[in-house]
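Some notes on the structure that comes next.
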Amino acid sequence: MIIVTKHGVTQDELDHIRERVESLGLRTHVSQGEHRTVIGCVGDETRLEGVSLLSIPGVDTVHPVMRPYKLASLDFAAEPTRIPLGGVQVGGEEIVVIAGPCSVEGRDMLEATAKAAKAAGAHALRGGAFKPRTSPYSFRGLGEEGLEILKDVRAVTGLPIVTEVMDTRQVDLVASYADMLQIGARNMQNYNLLTEVGRLRRPVLLKRGMSATVEDLLLAAEYVMSQGNPNVILCERGIRTFGTATRNTFDLAAIPVLKRETHLPVIADPSHAGGRRDLVAPLSYAAIAAGADGLIVEVHPEPETATSDGDQSLDFEEFEALMASLGTFAAAAGRTLNG
Ligand code: PEP
Ligand code: MN
């Protein structure tokens, strides 16, 4: 921790700041400038967590040197984390593609989508049974019936399933069906939910909150990991900004920034980021170029009749074309697709 003092700090104030820090078991190193004095705090920085340093007279700003997240930090692991999903590993050399409808609407549509997705090269099937909808009057998912359908379709196609859990009370239920538990953007800071999925070992797909910083996202991952579940995959799905041309603003730079900060795999969701089917391919290409380990893409047999997110859903043909074009980008990024 580095403490910068206010202009004109007195010797008494300076002594008091140092005493306060030293009383917590750290050493201090003072560097006196012409206008300001900087106090370097040497030792276990975690001891300063929760101490209101800014309220000490004479303190102007405080700058942590250590990352606030530990388990999620790149420093913590010798190698990038790989998380198994069906036959592939997210975070390995291969770009992993999770495809499927926004919502599970019925057995036939899910089975048809899963078969088309698999034939095109997808590695896993997505589909929400519990849907977080902005309006309470929108379709909110089939619930447990949707989970049953996902399970049946997995039995038919062999594709592992990724589905959202919204509530602490549903964690055990959803986990009894899902190969990967999705925590949606709206729940990224639902700390009780993060704690509950942290009790399990089931992989967690953690989507970035709409107004979450990269640090917020990593601290949310830290919640899950600190409970004992190391299997967290981060997902950039766009954030809210003043821009109105797209549903969200795809924060492409967050992908290499995350890669610099964490050993956890990072995937991108071009569907929710752009909100329009014609943006899915270019955002996918960009995500792979930026270092994403995979994609989660919405696919629907008939997007115009979809109960949710039809505008951003690809039909089977479009998804096949996307998959066919991804290989070039994967290769350029030093990755494989269905290798
Ligand atoms: C979804 O994946 O359908 C979804 C609701 O995504 P997000 O939480 O990113 O909005
Ligand atoms: Mn959706």
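The values are calculated or read from the model by the stated rules, or taken from the named source; none is laboratory data. Being a predicted model, the structure only gives us computed values, none of them experimental. Positions of Cβ are backbone-derived with ideal geometry, glycine not excepted, and every protein chain shown enters the neighbour counts. The protein model used for the area step is the full one, side chains on, heavy atoms only, and it has no ligands, DNA or RNA in it. Shrake-Rupley method; radii C 1.70, N 1.55, O 1.52, S 1.80 Å.
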Distance from the Cα centre of the stretch 266-280 to that of the stretch 88-153, in angstrom?
16
Mind listing the phi-derived Karplus ³J(HN,Hα) values for the stretch 285-293, rounded to whole Hz, using 6.51, -1.76 and 1.60 with θ = phi - 60°, and x for any glycine or proline?
4, 4, 4, 5, 4, 7, x, 5, 8
So how compact is the stretch 55-117: Cα radius of gyration and Dmax in angstrom?
22.1, 68
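Counting only protein heavy atoms and using a 1.4 Å probe, what share of the accessible area of the chain belongs to carbon plus sulfur, as a whole percent?
Working: 7540 of 15090 Å².
Using a 1.4 Å probe with all protein chains present, the chain comes out at 50 percent carbon and sulfur.
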Give me the orientation-averaged projected area of the Cα convex hull of the stretch 2-64, in nm², one decimal.
3.6
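Given Cβ point charges of +1 (Lys, Arg) and -1 (Asp, Glu) and nothing else, what value in debye, to the nearest 20, does the dipole of the chain about its Cα centre take? Let's see the in-between values first.
Numbers: 33 positive and 44 negative charges, 54 e Å.
Approximately 260 debye in magnitude.
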Sorted by average packing, counted as other Cβ atoms within 10 angstrom per residue and highest first, what order do 243-249, 287-293 take?
287-293, 243-249
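Sorted by accessible area with a 1.4 angstrom probe, largest first, how do F242, F316, F250 fall? Show your work: numbers first, answer last.
Values: F242 195, F316 60, F250 35 Å².
Solvent-accessible surface, decreasing: F242, F316, F250.
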For the stretch 211-225, Karplus-derived ³J(HN,Hα) couplings (6.51, -1.76, 1.60; θ = phi - 60°; whole Hz; x for glycine and proline) come out as 10, 8, 6, 4, 5, 4, 4, 5, 6, 5, 4, 4, 4, 5, 5
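Give me the net charge for the shell around L48: Cβ to Cβ below 12 angstrom, other residues only, Lys and Arg +1, Asp and Glu -1.
On the way: positive: R20, R47; negative: E22, D44, E45, E49.
Once positives and negatives cancel, what remains is -2.
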Springs between alpha-carbon pairs under 10 angstrom, Gaussian network model over the chain: which of Y137, Y223, Y69 fluctuates most?
Y137
More than 17 angstrom apart: percent of Cα pairs within the stretch 181-323
59
Set K70/K151; K151/K207; K131/K151; K70/K118; K6/K70 screened for pairs whose C-alpha atoms are more than 27 Å apart:
K70/K151; K70/K118; K6/K70
Identify all aspartates and glutamates with a Cα-Cα distance to K115 below 12 Å; exclude those on the same chain that are fewer than 8 residues away in sequence.
E320
Send over the Kirkwood Rh of the chain, from the inverse of the averaged 1/r over different Cα pairs, rounded to one decimal Å.
21.5
If each of K151 and T241 carries a label point 7 Å out from its Cα toward its Cβ, how far apart are those two points in nm?
4.3
Please compute the per residue accessible area over the stretch 220-301 with all protein chains in place, 1.4 Å probe, rounded to a whole number of Å².
33
The answer for T37, listing residues at least 5 apart or on another chain whose modeled amide H is closer than 5 Å to its amide H, is T5
Please sort 74-81, 90-97 by packing, taking for each peptide the average over its residues of neighbouring beta carbons within 10 angstrom, highest first.
90-97, 74-81
Among R277, R169, R208, whose mean-square fluctuation peaks in a Gaussian network model of the chain (Cα, cutoff 10 Å)?
R169
